[in-house]
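The structure appears right after this line, and notes come after that.
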Amino acid sequence: MKYTELHRNIKIRIITDFFTDLTQKSIIPFMAIYLSVQIGAGWAGMLLTVNIVASMIVGLGAGYWSDRIGRKKLMVIAQSMQVFALFWLAAANSPWMDSVLLTCVMFLLSSVSSGITMPIANAMIVDVSNEHERQYVYGLQYWTTNVAVTIGALMGGLLFESFRFILFSLVGLESLVTLFILLFYIHETMDKTYLDKTDAPIKKNMLRTYGDVFSDRRFMVFFTATVLAVALEFQLDKYIAVRLKSEFSAQLFSWDITGLQMFSLIMAINTVLVALVAIPFSKWMGRFQSGSIMTIGMCMYTAGFSMLAFSNWAWLLITSAVLLTIGELMYAPVRQVLLAGMIPDSDRAAYMAVDGMSYNTAALLGSLGLSIGAFLPSYAMAILYVLMGLGALVCFRRSLRPSASQSDLRLRADAS
């Protein structure tokens, strides 16, 4: 499988998603600091929570309507909102204006735009890919996302505090180019044959649609697995970072290393490994069964995080960083392939919208882990991580087997 052999929409989406991720990661991680300084930590936390909730709600609505009126229209609307929001974010932080209120409002609008785009973009990839291609596509997408996150964090770190106008102008220009690409180069991918039938899905209201999604036992087991697995990832920059800062100090090659420096080294190992091996690794994994890859990957991923939870030996921490990265490289693309294979064609974007909620739920668990870690010893947190990882693995393995409810949903979709 080669990049040039992929469907045109997939090739374009991978490129535009890269720049969209870069835009988000150059802004979002630093907005918490900005808002805390400008309006206080309490109000900042409330605003960030509102942004997450608003993104979840509009994502559900976008998923529903995307399965009824098509992908492209909503993506163009969402991207137009993003361009508008970034323009006024730049204006609100320019040499001619300094408005905290306008910054907050436009940041919320930018989050809403992203909430609309995510489930639709994911559904679009499933629309035009087959099972053979998806392992490679999701491996490539995983690589571009991680590289974008790294570059975005670097841009934000260099520009956000002192050069926000330049930063918002750059990402606004990127967003405008993405809108142009969506308008003139992306084609509609939804299979409209469902809408031409007597009992077309558009006649099913939103509550019934998401009722069917949440009653799909196989998908909800998969959802639970995703929450548990991703919640481990969110522990890295929360409990693990805090623990290393307070507990760790050691020598490595005769150099004294602090806990924060060790955390930075772990992040660097993760970034470099992903950048170097993600694409060839995804090709190599294509020859093995999904169940085997998922089992081995989740075991390595869990072992890596559990050791990071309690160890203060530098070389074991470095080994853990390698283990969890390789484990994530194995399980994450397979997770996407499994998701694409289990959702019914008629409600793809709706399922993708609910899947997106799993990341927000995992983020909340990540924050909760920091609070729990204040009361539990490090070895107890390691045991908790093992239980979470094993729980995720068991649920992923169970979701490999189609359930009766899944079959019923597919039959209802075929009959409609």
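Spelling out what I want: for every residue of the range 221-235, take phi, set θ = phi - 60°, compute 6.51 cos²θ - 1.76 cosθ + 1.60 (Karplus), and round to whole Hz; glycine and proline get x.
Here the 3J(HN,Hα) series is 5, 5, 4, 4, 4, 4, 4, 5, 5, 6, 4, 4, 4, 6, 6 Hz.
Which semi-axis lengths, in whole Å and largest first, follow from the square roots of five times the eigenvalues of the Cα gyration tensor of the range 68-111? Don't skip to the answer; put the middle values down first.
On the way: eigenvalues 144, 18, 4 Å².
Semi-axes (√(5λ), whole Å): 27, 9, 4.
Among 258-265, 164-171, 325-332, what's the highest-first ranking by average C-beta atoms within 10 angstrom per residue?
325-332, 164-171, 258-265
Taking 7 Å along the Cα-to-C-beta vector as the label spot, tell me the residue 372-residue 252 distance in nanometres, rounded to one decimal.
Computed distance between label sites residue 372 and residue 252 equals 2.7 nm.
According to the Cα gyration tensor, what semi-axes, each the square root of 5 times an eigenvalue, does the equivalent ellipsoid of the range 213-415 have, listed from largest to smallest in whole Å?
That gives 34, 19, 13 Å for the three semi-axes.
Compute the distance from the alpha-carbon center of the range 31-45 to that of the range 278-300, in whole Å.
41 Å
Please compute the volume of the convex hull spanned by the alpha-carbon atoms of the range 3-185 and report it per residue in Å³.
Numbers: hull volume 20.1 nm³, N = 183.
Taking the convex hull of the Cα positions in the range 3-185, it is 110 Å³ per residue.
Could you grab the relative contact order for the chain? Cα pairs under 8 Å, six or more apart, rounded to a whole percent.
It comes to 25 percent, rounded to a whole number.
Looking at the chain as a GNM with Cα springs under 10 Å, which of 38, 235, 141 has the largest mean-square fluctuation?
38
At what distance in angstrom do the alpha carbon centres of the range 226-253 and the range 113-152 lie from each other?
27 Å
Just order 267-273, 69-75 by mean Cβ neighbour count inside 10 Å, highest at the front, would you? Provide the component values of the computation, followed by the final result.
Numbers: 267-273: 16.0, 69-75: 19.1.
The densest-packed peptide leads the list: 69-75, 267-273.
Over the alpha-carbon set of the range 326-397, work out the extent along each principal axis and list the three values in angstrom, largest first.
47, 23, 19
Magnitude of the Cβ-charge dipole of the chain, K/R +1 and D/E -1, about the Cα centre, nearest 20 debye?
Roughly 640 debye for the chain.
Over 24 Å between Cα atoms, which of 11/238; 11/73; 11/283; 72/283 qualify?
Among 11/238; 11/73; 11/283; 72/283, the Cα-Cα distance tops 24 Å for 11/238; 72/283.
Readers should treat all values here as calculations from the given coordinates under stated rules, not as data from a laboratory. Because the structure is a prediction, the values reported are computed rather than measured. So basically every Cβ, Gly included, is an ideal-geometry build from the backbone, and we count neighbours across all protein chains shown.
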